[in-house]
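What follows is one structure encoded as structure tokens, with my remarks underneath.
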Amino acid sequence: AVREAAAVAVDAALLAGVLMRTGEQPNASDVVNYAPFTLLPSAVPRALFEQAYAVQQDFNLLVDAVSQNKEFLEQTLASTIKVDDFTARLFRIYMQVLEEGLAQTVFLGINRSDYMFDCGLDGTAALRQIEINTIAASFGGLTSRTADVHRLVLKVLGKTEEASQLLPNNPAKGLALGIAKAWELYGSQRAVVMFLVEEVQRNIFDQRCVENELWNRNIRVVRKRFRDVFEQGSLDASRRLYMDGQEVAVVYYREGYVPQIYNEQNWAARLLLERSRAVKCPDIATQLAGTKKVQQELSRPGTLEKLLPGHPAAIARIRATFAGLYSLDEGEEGDRIAATAIADPDRFVLKPQREGGGNNLYGEELREVLEKIKDSPERTSYILMDKIKPQPALNYLLRAHSPLQVSECISELGIFGVYVRQGQELVLNQAAGHLLRTKAIEHADGGVAAGVAVLDTPYLV
Ligand code: ADP
Ligand code: MG
């Protein structure tokens, strides 16, 4: 039955457009395959799912507040930028743009807050935030299509009633709504939305889902890389952004969050974009608001109260999702937690200021690295976090060219958030849908693009 359902599932995924380009031909759509996904939907506690949705507008508000708080970003990142060159370079652009004075007046945030379900000693699960992604949060497109696939699989397996329980979900539509709103407020009919994309574009179909939603609204979309911006980009006297004479209203980054892609030309292109009047999603301040160092400082007692005065209920909802987070800044507090983690590494995750998966350290490796850097300033480029331990469940991970086998799995739930601010007024603030990713427990780190996790659909219990 499983074998038969898997064959149906793969064809359904291809039909529904749950697609990725292949590793061999990452820039051609002549040969494509299905994006990896689970055979079965995974059980998610309904109360935690609802909690994650209920706190999303609060997180939108918080990210937006952090992005506007120069003093907080300066203080929080001061130790990090002394040792982390990438964050330092982003920070320099941030300061440079502020000194010149912002030309941008409309702000668009698209983020994804990720959670795991921490299993307590008594077996009850709690919602714990892993991180919030403020740049290039992906899979809002492909995940719009996975519920249909899982609905069919459940029917094939004789679970018609269960199939009808799966929720509709369309983050791509919500993301496009935010982009369209920002485009409209920018106020130029002729201007386009520019997707800033990678050199290697395996995940193009995920982006196309959002692009198509914009075309449906008669908004023009172009896809450009940083090097195109370097070659074709320019600003006019009022810092409107043009690409070869074509005005750009919104720049939606699906690139720009890893240091490896930045040569000097790409840094120059990034600076040009940030200086422009175009709506950047995200602007550089919002990218910095998504660093792990900021996440750690947000968990300090009193910080949320300073950032969101007059919002005690939002603060309570936000704080209820925090796991233990610890600063490794030089001093007694950092010394103490470093020693604790070296003694008991399985309790923690060691995180550098990087995005995209595959950068965190766990277990013995965490111990070795921390042992080596514990007396050097280098340690302040990392933070420590309590390791979340979810209850595993069995599932089948369907991947092209891989045998069908059952795995012990854990899942990570992401909620997409979208907001638009014009000057000081928040004109849109929404949760835009969800993403469930599942991986085999032998992998400590995650990520679908990183080749570890696969797409999934929550089955609420
Ligand atoms: P990235 O920016 O690289 O995505 P994350 O903080 O999301 O960094 O971590 C990557 C992956 O590592 C997550 O998807 C999750 O699988 C795992 N992970 C991160 N933090 C924790 C944690 N505190 N406990 C357990 N697993 C974690
Ligand atoms: Mg992540």
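Throughout, read-outs are computed from the coordinates displayed, never taken from laboratory work. Since we're looking at a predicted model, the values are computed, not measured. Cβ sites come from the backbone with ideal geometry, for glycine too, and all protein chains shown count toward neighbours.
Points to keep in mind about this one:
- Cα pair distances of the stretch 14-88 binned at 5 Å [whole percent]: 3, 11, 9, 9, 9, 10, 14, 19, 13, 3, 0
- Cα-centred dipole magnitude for the stretch 217-269, charges only on beta-carbon of K, R (+1) and D, E (-1), debye, nearest 20: 300 debye
- Residues whose amide H comes within less than 5 Å of that of VAL251, counting only those at least five positions distant or on another chain, are MET194, VAL279, LYS280, CYS281 (H built at 1.01 Å from N in the peptide plane).
- Rounded to the nearest whole angstrom, the semi-axes of the ellipsoid equivalent to the stretch 354-461, taken from the Cα gyration tensor as √(5λ), stand at 28, 27, 12, largest first.
- Helices assigned as whole DSSP H runs in the chain whose Cα atoms extend at least 27 Å along their own long axis and whose mean Kyte-Doolittle hydropathy is -0.5 or higher are not found.
- For the stretch 87-224, the Kirkwood hydrodynamic radius comes to 18.4 Å, computed from all pairs of different C-alpha atoms.
- Per-residue packing, averaged as other Cβ atoms within 10 Å, sorts the ranges 87-97, 142-152 into the order 142-152, 87-97, beginning with the highest.
- Size of charge dipole - the chain - debye, nearest 20, with Cβ of Lys, Arg +1 and Asp, Glu -1, no other charges: 1100 debye
- Put simply, when 417-423, 328-334 are sorted by average Cβ atoms within 10 angstrom per residue, most first, you get 417-423, 328-334.
- Spin-label model distance (nm) - ARG3 vs ALA125, 7 Å beyond Cα toward Cβ: 3.1 nm
- All C-alpha to C-alpha distances of the chain, sorted into 20 Å bins beginning at zero, yield P(r) values of 24, 58, 17, 0 percent in whole numbers.
- The stretch 216-359: translational diffusion in µm²/s, Stokes-Einstein, Kirkwood Rh over Cα pairs, 4 °C, 1.567 mPa s: 69 µm²/s
- Helical mean residue ellipticity (222 nm; -39500 (n - 2.57) per DSSP H run of 4+; nearest 500) of the chain: -11500 deg cm²/dmol
- Counting only residues at least eight positions apart within a chain, or on another chain, the lysines with an alpha carbon under 27 Å from that of LYS389 are LYS292, LYS293, LYS351, LYS372, LYS374, LYS439.
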